[in-house]
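Notes follow once the structure below has been shown.
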Protein chains: 2
Amino acid sequence: MAEAEFWYEFASSYSYPAAMRVEALAADRCVTLAWRPFLLGPLFAGQGWRDSPFNLFPAKGRYMWRDIERICSALGLPLKRPEPFPQNSLLAARVALALDDALRPAFSRAVYRVEFGEGRPIDAPATLGALLTEIAVPPEPLLARAVEDSNKAALKAQTARAIALGLPGAPCLTTADGEVFWGNDRLEQGLDWACAHESAVERERG
Amino acid sequence: MAEAEFWYEFASSYSYPAAMRVEALAADRCVTLAWRPFLLGPLFAGQGWRDSPFNLFPAKGRYMWRDIERICSALGLPLKRPEPFPQNSLLAARVALALDDALRPAFSRAVYRVEFGEGRPIDAPATLGALLTEIAVPPEPLLARAVEDSNKAALKAQTARAIALGLPGAPCLTTADGEVFWGNDRLEQGLDWACAHESAVERERG
């Protein structure tokens, strides 16, 4: 079974269609995915940015919103721009990380649906609690666990690993042999790579 | 016949595979292409950049070079990184613009082959003159025409139009109904759009 890691940031617009697409694409190729929420803020800060590049560079921002419209339209995904953009995604990322691996994809898709499908804020504990209830997770204990020091540290470590892997943004796929594929439009290529190079990785490990 | 404009910058790494691919993709879809060389410098200056974003933001740069390696490998295109990057592309753009429309694609592909396929500089009149000779254009009169004020002004005007159209970078495809598709990886999507929306544009014109 080939493996790949799916790196996403809840504030990232292109992570929305990617999160909605990636599980089916991976299943088609027999790739097992590990969902890796992380924060773009520290990565952007390392490039000197204190805001989303889509706000800092208006031509990129205008293009991105039109591009996302076309992408969501083609996929039949609802799109409503959240205000402000980017949303504060810190608590959502902590909650996602605190969840069991098996529950993380459904919760993450629910966050994106609220944020980019319905244009609603994602920073309130009540909002995230309602999404946990949707996936049959009691919200209070999980929300409490999400803000424990150990979980905060785990998110910092995951973000540091994203930077160490050389991720230039979100979403990304990374493969066991160290490749990085950046963008919703590279999911297929990244998963195909994971399949094609699986045996080589296995040989090296063996 | 559907139409699209192909916008490219000789210094742009992703414009290399795009220039090598776009003509065949357009022919497959019965799209007529207009090749539009322009300069990214003024566009980047508007975003506060005095260098390529791939140099200004190292994580993006490292990713881009690996990504380009994978792309060229999959296409069977040679790749040798030119030093320095980006190359000074001003004269090449002026020469390309001064050529007849029918000769511009072959000349442009030849420039990319030298620059990214062989890793050679593209700023010398002798280099560009040899490429003109390859396509059976007497080099001296064309090189002289390239640096006439009228041609310099035409390149400035073309670059201003690229900015006015909202191009966020290069390469791009633009369609008659005002859509912009950015990136080597969006050529198919842009050309498909040009085909699908041609009749709508024709109706509006009629």
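Over chain A, what is the relative contact order in percent, taking alpha-carbon pairs closer than 8 angstrom and at least six residues apart? In percent, rounded to a whole number, it is 32. Counting charges near A:ALA102 (Lys, Arg +1; Asp, Glu -1) among other residues having Cβ under 14 Å from its Cβ returns a value of -1. If you add up the charges near B:PRO86, with Lys and Arg at +1 and Asp and Glu at -1, over every other residue whose beta carbon is less than 13 angstrom from its beta carbon, what do you get? With Lys, Arg at +1 and Asp, Glu at -1, the neighbours total -3. If only the Cβ of Lys and Arg carry +1 and only the Cβ of Asp and Glu carry -1, the dipole of the protein assembly as shown around its Cα centre is close to 800 debye. Local charge for A:THR159 was computed over the other residues whose Cβ lies under 13 Å away, with Lys and Arg +1 and Asp and Glu -1, and equals +4. Taking A:PRO139, A:PRO125, A:PRO53 as the candidate residues, the one with maximal mean-square fluctuation in a Gaussian network model of chain A, Cα springs under 10 Å, is A:PRO53.
For A:SER12, A:SER150, the sequence from fewest to most other C-beta atoms within 10 Å is A:SER150, A:SER12.
Across the range A:103-206, the mean sequence separation of Cα contacts (distance under 8 Å, 6 or more residues apart), normalised by length, yields a relative contact order of 13 percent. For the range A:1-115, the relative contact order is 35 percent, taking Cα pairs closer than 8 Å that sit 6 or more residues apart in sequence and dividing their mean separation by the residue count. Dividing the Cα radius of gyration of the protein assembly as shown by its Kirkwood radius returns 1.01 for Rg/Rh. The fraction of all Cα pairs in the range B:62-199 landing in successive 5 Å bins from 0 to the largest distance is 2, 9, 15, 18, 20, 18, 12, 5, 1, 0, given as whole percents. Computed over the range B:75-133, the P(r) curve from all C-alpha pair distances, binned at 5 Å from the origin, holds 4, 19, 32, 24, 14, 6, 0 percent per bin.
Placing +1 on the Cβ of every Lys and Arg and -1 on the Cβ of every Asp and Glu, with nothing else charged, gives chain A a dipole about its Cα centre of roughly 580 debye. By the rule of a C-alpha distance below 29 Å, with chain neighbours fewer than 8 residues away ignored, the lysines paired with B:LYS80 are A:LYS60, B:LYS60.
Could you identify which residue out of A:LEU155, A:LEU131, A:LEU77 has the top mean-square fluctuation in a GNM of chain A using Cα springs shorter than 10 Å? Result: A:LEU77 has the largest fluctuation of those listed.
Near A:LYS80, the amide H atoms lying under 5 Å from its own belong to A:GLY117, A:GLU118, A:GLY119; only residues 5 or more places off or on other chains count, and H is placed 1.01 Å from N. Couplings 3J(HN,Hα) for the range A:174-179, derived from phi with the Karplus relation 6.51 cos²θ - 1.76 cosθ + 1.60 (θ = phi - 60°), are 10, 10, 4, 8, x, 7 Hz, where x marks Gly and Pro.
Every number here is computed from the coordinates shown, using simple stated rules; none is lab data. Note that the structure is a prediction, hence the values are computed from the model and not measured. A quick note on method: Cβ atoms are made from the backbone with ideal geometry, for glycine too, and the neighbour counts reach across all protein chains shown.
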